[in-house]
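The values are calculated or read from the model by the stated rules, or taken from the named source; none is laboratory data. Since the structure is predicted, the reported quantities are computational estimates derived from the model, not experimental observations. Don't worry about glycine lacking a Cβ; one is built from the backbone with ideal geometry, like all the others, and counts go over all protein chains shown.
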Amino acid sequence: MEEKERTIEQLFNLGFHAEYPEEKVEYYSAILESDSRDPLLWKEEALALVWTNTGIAYCDLSEYQKAVYCFEKALELDSLNPDIWYNKGIAHSYLGNHRESVKSYTKALEVDPKYDNAWINKGMLHDILGEYEEAIKCYEHVHVTMEIDPKYALAWNKKGIAYYHLRKYAEAITCFTKVLNMDPDYEDAKNNMANAMKKLKSAGEQ
């Protein structure tokens, strides 16, 4: 009864500022179920945002199938929003639907070719699928800030691993070097560098 006394705008603000994802789902669901939305205020993009925020809350609750449903509802209203496609890709990835996840990231990149995180996540999925050439292509699309921003150390490390699997050890070492220049304490990159150097040395001795 108390929820009906709140306006749609109040419910949205409560959902946006709620600390726990369960609360977010509750408030956003109340908006989506309401018959009192002002159609002039709550147009398709606004409702798509509510569906998207609900999906993100479900991701936080590890309820990824429900999250996918929410993102699909959002895309019915706003199909050219790369963030919705990106979040759908994340949800599919957690469900183990790697091919569907790749499709979602591809859609996000069709709308925004400079969406660095989508390129990185798509590359990581190609890594998982053993498609190392495709993974490298994705990492090479990442914006030039990847060269200097420590947050991209993971991408350089993954790119190096892809080269390693392709037995391109010199290229792999170059990638791991970039990681360690950004983060000298990156243990995984240190180990990967050592392994790549051993392989390169062995190849040279043959």
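Of the residues E72, E171, which single one is farther than 30 Å from N13 by Cα and either in the same structural domain as K201 (by TED's automatic domain parsing) or surrounded by fewer than 20 Cβ atoms within 10 Å (Cβ to Cβ) (or both)?
E171
Hey, does region 40-50 have a residue that's closer than 30 Å to H141 by Cα, buried (at least 18 other Cβ atoms within 10 Å of the Cβ) and touching a helix residue (DSSP H, G or I) at 6+ places or on another chain (Cβ under 6 Å)?
yes
If I ask for residues that are small (G, A, S) and free of Cβ contacts under 8 Å to residues at least 24 places away in the same chain, which ones from region 62-94 would you list?
Hit for region 62-94 is S79, nothing else.
Pull out all pairs, ordered by first then second residue, where Cβ-Cβ is under 6 Å, the residues are six or more apart or on different chains, the first lies in region 1-12 and is among the aliphatic types (A, V, I, L, M) and crowded, with 16+ Cβ neighbours inside 10 Å, and the second is modelled with pLDDT of 85 or more and part of a helix (DSSP H, G or I).
I8/I31; L11/Y27; L11/A30; L11/I31
Among the numbered conditions (1) over 29 Å from D116 (Cβ atoms); (2) in contact with a helix residue (DSSP H, G or I) (Cβ under 6 Å, 6 or more places away or on another chain), tell me where I84 comes up short.
(1)
Any idea which residue in region 82-104 is farthest from A67 (Cα to Cα), counting only those that are assigned to a loop (DSSP other than H, G, I, E, B) and of a type outside the set (G, A, S)?
Checked region 82-104; the qualifying residue farthest from A67 (Cα to Cα) is N97.
Could you list, in sequence order, all residues of region 105-158 that are in a loop (DSSP other than H, G, I, E, B), modelled with pLDDT of 85 or more and on the phi < 0 side of the Ramachandran plot?
Scanning region 105-158 gives D112, P113, K114, Y115, L129, E131, H141.
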